[in-house]
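Q: Below you will find the structure I want to go over with you.
The values are calculated or read from the model by the stated rules, or taken from the named source; none is laboratory data. On a predicted model such as this, the values are computed, not experimentally measured, just so you know. With ideal geometry, Cβ positions are generated from the backbone for all residues, glycine too; neighbour counts draw on all protein chains shown. For accessibility, only protein heavy atoms count, side chains too; no ligands or nucleic acids. Shrake-Rupley method; radii C 1.70, N 1.55, O 1.52, S 1.80 Å.
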Amino acid sequence: MFLNSQKLWTKMILILTIWSPISQSLHFDLHSGRTKCIAEDIKSNSMTVGKYSIDNPHEGQALPQSHKITVKVTSNAGNNYHNAEQVDSGQFAFSAVEAGDYMACFTAVDHKPELALSIDFEWKTGVQSKSWAKVAKKSQVEVMEFEVKSLLDTVNSIHEEMYYLRDREEEMQDLNRSTNTKMAWLSVLSFFVCIGVAGMQCLHLKTFFEKKKVI
């Protein structure tokens, strides 16, 4: 009973950990002519949004042509989800078709002398990416509707995570059964090998003693 309770708590902790909204907010420097890529592990059918911009060193003035970047977002299967060239800011949003690592690559314009561009990048995935707040109005009824929609979205996310954990648990059980079967066969094989080696040693000793006329 104690072990079952412990397993239940472990699963609940895993669900809460995985369900927690993923938000990746970064600030990094990108040098002229260089490329920097950022990877994000996204599940299939998950919504993801991203927003990026170059810090303007001179507020109120337009950024020069040297402060431009090319941004590409691709999946591990090679599908292109966002492609912006010679921009100083932008955003993307899509629903992931396949699960796996998605890569956002930033390339700065080649410039001499070399410049260092400061880039702000925010990448949100899962429940947090669905901006229900944008559709919420001031009236109390609509605010309650917004809360209900948010809760429903959260419940659906937890439901998906439970199915995901169940599939992972089945995979682990299959792996354990396969490993146990292989270990059992290895133990049987080792037993017969030991018996064979012992038999050969006895035969060798018997032949040796017979030659020495000890027996």
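Q: Specify the residue that is modelled with the lowest pLDDT; the eligible residues are those in segment 111-143 that are under 16 Å from the mean Cα position of the chain (by Cα) and assigned to a strand (DSSP E or B).
A: The extreme case among them is Thr125.
Q: Using beta carbons and a limit of 6 Å, which pairs, at least six apart or on different chains, have the first residue in segment 62-76 and among the aliphatic types (A, V, I, L, M) and the second one assigned to a strand (DSSP E or B) and open to solvent by less than 20 Å² (accessible area, probe 1.4 Å)?
A: If the second residue must be assigned to a strand (DSSP E or B) and open to solvent by less than 20 Å² (accessible area, probe 1.4 Å), the pairs left are Ile69/Phe106; Ile69/Ala108; Val71/Ala84; Val71/Phe106; Val73/Phe92; Val73/Ala104.
Q: If we only count strands (runs of 3 or more DSSP E) wholly inside segment 31-110, which ones have 2 or more residues that are touching a Lys or Arg at 6+ places or on another chain (Cβ under 7 Å)?
A: Here the list reads 47-54, 80-87, 100-108.
Q: Among the residues of segment 50-66, which ones are modelled with pLDDT under 85, of a type outside the set (D, E, K, R) and on the phi < 0 side of the Ramachandran plot?
A: Applying the first criterion (modelled with pLDDT under 85) to segment 50-66 yields 56-66.
Pick out the ones that are also of a type outside the set (D, E, K, R) and you get 56-58, 60-66.
Listed by number, the residues that qualify are Asn56, Pro57, His58, Gln61, Ala62, Leu63, Pro64, Gln65, Ser66.
Q: Kindly indicate whether Val87 is touching a Gly at 6+ places or on another chain (Cβ under 9 Å) and among the β-branched types (Val, Ile, Thr). Full working, then the answer.
A: On the way: touching a Gly at 6+ places or on another chain (Cβ under 9 Å): no; among the β-branched types (Val, Ile, Thr): yes.
Answer is no for this residue.
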